[in-house]
Amino acid sequence: MLTSIVGINWGDEGKGRMVDLLSESYKIVVRFQGGNNAGHTVINDRGKFILNLLPSGILRETTVNVMGNGMVIDIEHLTNEMKSLTDKGIKITPDNLKISDKAIICMPYHKLLDILEEDRLGDAKFGSTRRGIAPVYSDKYMKKGIRMGDLLYPDVLKDKVKAIVEWKNLTVADGYKHEAITADEMLSWLHTYGDAFKPFICDTGKYLYEANKAGTDIMFETQLGALRDIDFGIYPYTSSSNTISAYAPIGAGVPGLKVGKTIGIMKAYSSCVGEGPFTCEMFDETGDKLREAGGEYGAATGRPRRVGGFDIPASKYGCLVQGADEIALTKLDVLSCFDKIPVCKAYDINGEITTDFPIGERLRIAKPVYEYLDGFNCDVSKCRKLEDLPKAAREYIDYIEKAVDCKMKYISVGAERDAYIEVK
Ligand code: GDP
Ligand code: MG
């Protein structure tokens, strides 16, 4: 069975936490898109971990982790991330980590270009994580990417890097008037951070096809959420990759296989990092209260996240584009801070009230229509069965389930591995 775990909202729904929990019955966990702009926080019996590039299955001893061809990999960052885990006793070897030979390397000049461009934009910036993600995906489609597999052929790599650096300087030096980059610097960086990965690089598609054929269960893990998908999200305030379940087999390396089950991770309220339309945003003290209660500061960047009540139009749309079969609702415990729970039940677009999620200009001008549901105002973090939850909390869950028209399967009531309810 192929299962994908994906975000329904703007990201930071708690995907890492749910993959950590649900990966128990999966032998393989695959990341299939994005780069180190992800920040997945996992708290379990081995400690607290923040993962940017590595699949969250890396924390389970018997799980094999795959970084697929759809990913962009900053090998310096990956080196440091692996070190921070191995320092805490996590074992990482070519047996439990496989990196696609087709994944693209995020180079120092991608990071540089990301920073130069965000600075050039000033107030009109996109809120990039400045980690080179948009520039490296652009190069992928310009067919100027350096792939992980290129590390295995140093002579070919040398020629490739020389040609690319010459082309890059047309932008870096001639365009942005920044100091030129050199091929020697880049080759030395690739050598310093790339050599150790050679034993990890393989055809991950072949590995996954064979595993699937042998009946092994595979889990796909996305980064970010539906609303950040390059095609279906709030373009241009999206990420540069496809964050949706349908892309998982492609980005993993098995485009001929179909996802059997999609589990959508949906937050009990809304949060958003960076710029762009965020209709349900609350600017008042209710918002501040929510940000504090939910600890809404970016795992990758430390930036305060924008917050709002649960957003029905956005979440319903998220479930639709993800093709979610089941929902895991996270951070329900955070809502205990409210007497009345704010919910954005519709959008008002020039007087038209709708629960259909708009795009472009209609989204930009949409105003939230809020309603307030009964709060539960008590600690629910110890609840482990639906019946343990107060009536108001169960009503809130029912209300959301109906609004997004998707089955609620898990309710997370805390960040720790066992702090959840499975809906039977
Ligand atoms: P991801 O990017 O989707 O993996 O999510 P992040 O790790 O960026 O953000 C989710 C945050 O919420 C992390 O700090 C988690 O430890 C925490 N978290 C996850 N689930 C719950 C929950 O049910 N309750 C609470 N209080 N925190 C949670
Ligand atoms: Mg995150």
Response to the item:
So for R0 = 41 Å, FRET eff. of residue 84-residue 377 from the Cβ-Cβ r, to 0.05, ends up at 0.60
Worksheet item: With each label point set 7 Å from Cα along the Cα-Cβ vector, what nm distance links residue 365 and residue 348?
Response: 1.5
Discussion item. Using a Gaussian network model on the chain with a 10 Å cutoff between Cα atoms, which of 150, 325, 356 fluctuates the most?
Written reply: 356
Discussion item. Only sites in a loop by DSSP and with at most 13 other Cβ atoms within 10 Å count here; which GluC sites (Glu not before Pro) in segment 10-80 make the cut?
Written reply: 61
Discussion item. If a paramagnetic tag sat 7 Å from the Cα of residue 231 along the Cα-Cβ line, which residues of segment 11-39 would have the backbone N under 17 Å from that point?
Written reply: 32-34
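Rounded to the nearest 0.05, what FRET efficiency is calculated for residue 91 and residue 1 with R0 set to 22 Å and r the Cβ-Cβ distance?
Once rounded, the FRET efficiency stands at 0.25.
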Discussion item. Please list, ordered by chain and number, the residues whose modelled amide H lies under 5 Å from the amide H of residue 359; skip anything fewer than 5 residues away on the same chain.
Written reply: none
Fill in: Extension reserve of the residue 188-residue 171 stretch, reckoned as 0.36 nm per residue once the Cα distance is removed
4.0 nm
Discussion item. What's the magnitude of the charge dipole for the chain around its Cα centre, counting Lys and Arg as +1 and Asp and Glu as -1 at the beta-carbon? Answer in Debye, nearest 20.
Written reply: 760
Worksheet item: Could you name the aspartates and glutamates in cross-link range of residue 198, using Cα to Cα under 16 Å and dropping any fewer than eight places away on the same chain?
Response: 74, 76, 95, 101, 150, 155
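Set the Förster radius R0 to 51 Å, insert the Cβ-Cβ distance between residue 391 and residue 163 as r into 1/(1 + (r/R0)^6), and round the FRET efficiency to 0.05.
Calculated value: 0.15.
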Practice prompt. Determine which residues of segment 16-56 fall in the zone a paramagnetic label at residue 418 would reach in this model, i.e. backbone nitrogen under 13 Å from the point 7 Å along Cα→Cβ.
Written response: 44-46
Discussion item. Defining a contact as two alpha carbons under 8 Å apart and six or more residues distant in sequence, what relative contact order in percent does the chain show?
Written reply: 20
Fill in: Cut-off 20 Å (backbone N to label point 7 Å along Cα→Cβ of residue 210), residues of segment 151-170
152
Item to complete: Just grab the label-to-label distance for residue 326 and residue 289, each label 7 Å out from Cα along the Cβ direction, in nm (one decimal).
Response: 3.4
Worksheet entry | the chain: radius of gyration and largest Cα-Cα distance (Dmax), Å | 21.6, 67
Worksheet item: Can you list the residues, at least 5 places off or on another chain, whose amide H is less than 5 Å from the amide H of residue 420, using H built in the peptide plane?
Response: 413
Worksheet item: What nm distance separates the two modelled labels at residue 126 and residue 24, each placed 7 Å from Cα along Cα→Cβ?
Response: 4.0
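Which entries in the list 267/331; 140/160; 98/261 go over 18 Å, if you measure between the two C-alpha atoms of each?
From the list (267/331; 140/160; 98/261), the Cα-Cα distance tops 18 Å for 98/261.
Since every read-out is calculated from the coordinates, none of them should be taken as a lab result. Everything numeric here is computed off the predicted structure, so don't read it as measured data. Don't worry about glycine lacking a Cβ; one is built from the backbone with ideal geometry, like all the others, and counts go over all protein chains shown.
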